[in-house]
Amino acid sequence: MGTENDEKRVHRRVQYDVEDGIIANFLLSNGDVFAALIRNLSAGGISLYVAQDQSEKINTGDRLVLQQIIGTTHLDVVHNINTQVEWIKSVGDEGYVGVGCHYEDVTTEVESQLVKFVDAERMERGQYGS
């Protein structure tokens, strides 16, 4: 069920809802650990639901290390991936703001595994058009 926006993107992405409870753990530059729910995931980046009371911990341009993703299977490849915060904005979900990050310096192997994971998740969740 691709959208016009999906067609303009380099990488396909899998969408998640807050209720799915898929969590990304990050290491902040000051050494603190930061957790957020995943909105969507692709081989090029990750979009998050960040609790409003936690959103002051990060700013556009910050570099974060994606340590792991919890709540999915077959995604062990995601650990210690450098990311950069591209945007922070309202997402219409009460109590959350959206945060978009792109990956930096991802190996071809990791990118390939992310593409396979996203394709499998999209198929399982019915996120492909007929």
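The values are calculated or read from the model by the stated rules, or taken from the named source; none is laboratory data. These numbers were taken from a predicted model, which means no experiment stands behind them. Neighbour counts run over all protein chains shown; Cβ positions are idealised from the backbone, glycine included. Note: areas computed on protein heavy atoms with side chains; ligands, DNA, RNA excluded. Shrake-Rupley method; radii C 1.70, N 1.55, O 1.52, S 1.80 Å.
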Handout entry: Sequence of LYS89, LYS57, LYS116 from largest to smallest accessible area, 1.4 Å probe
Key = LYS116, LYS89, LYS57
Completion exercise
The long-range amide H neighbours of VAL91, using H built 1.01 Å from N in the peptide plane and a cut-off of under 5 Å, are GLY98
Completion exercise
Quick tally, 1.4 Å probe accessible area for GLU121, GLU19, GLU56, sorted with the most first, runs GLU19, GLU56, GLU121
Exercise for the section: Counting helices only, and only those DSSP H runs with n ≥ 4, report the 222 nm mean residue ellipticity of the chain as the sum of -39,500 (n - 2.57) divided by its residues, in deg cm²/dmol to the nearest 500. Expected result: -5000 deg cm²/dmol
Completion exercise
Between the Cα axis of helix 108-124 and the main Cα principal axis of the chain, the angle (0 to 90°, nearest 10) is 70
Problem - Under the Karplus curve 6.51 cos²θ - 1.76 cosθ + 1.60, θ = phi - 60°, whole-Hz ³J(HN,Hα) for region 28-37, x wherever Gly or Pro sits - result: 7, 4, 8, x, 6, 9, 9, 10, 8, 7
Fill in the blank from the handout: Once phi for every residue in region 61-69 is put through the Karplus expression 6.51 cos²θ - 1.76 cosθ + 1.60 (θ = phi - 60°), the whole-Hz ³J(HN,Hα) values, with Gly and Pro written as x, are x, 4, 9, 10, 10, 6, 7, 6, 10
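In terms of solvent-accessible area of protein heavy atoms at a 1.4 angstrom probe, what is the ranking of ASP105, ASP93, ASP53, highest value first? Present the calculation step by step, with values, prior to reporting the outcome.
Values: ASP105 145, ASP93 60, ASP53 105 Å².
If we order ASP105, ASP93, ASP53 from most to least accessible, we get ASP105, ASP53, ASP93.
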Completion exercise
Once Lys and Arg are counted +1 and Asp and Glu -1 for all other residues with Cβ under 14 Å from that of LEU64, the total becomes -3
Exercise for the section: Roll a 1.4 angstrom probe over the protein heavy atoms and tell me the percent of accessible area of the chain that is carbon or sulfur. Expected result: 45
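Using the heavy atoms of the protein chains and a 1.4 angstrom probe, tell me the accessible area per residue for the chain in square angstrom. The partial results should precede the final answer.
Values: 7460 Å² over 130 residues.
On a per-residue basis, 57 Å².
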Completion exercise
The base-10 log of I(q)/I(0) that the Debye equation returns for the chain at q = 0.13, 0.21 Å⁻¹, one scatterer per C-alpha, is -0.50, -1.37
Exercise for the section: Express in whole angstrom the spacing between the alpha-carbon centres of region 43-77 and region 97-130. Expected result: 13
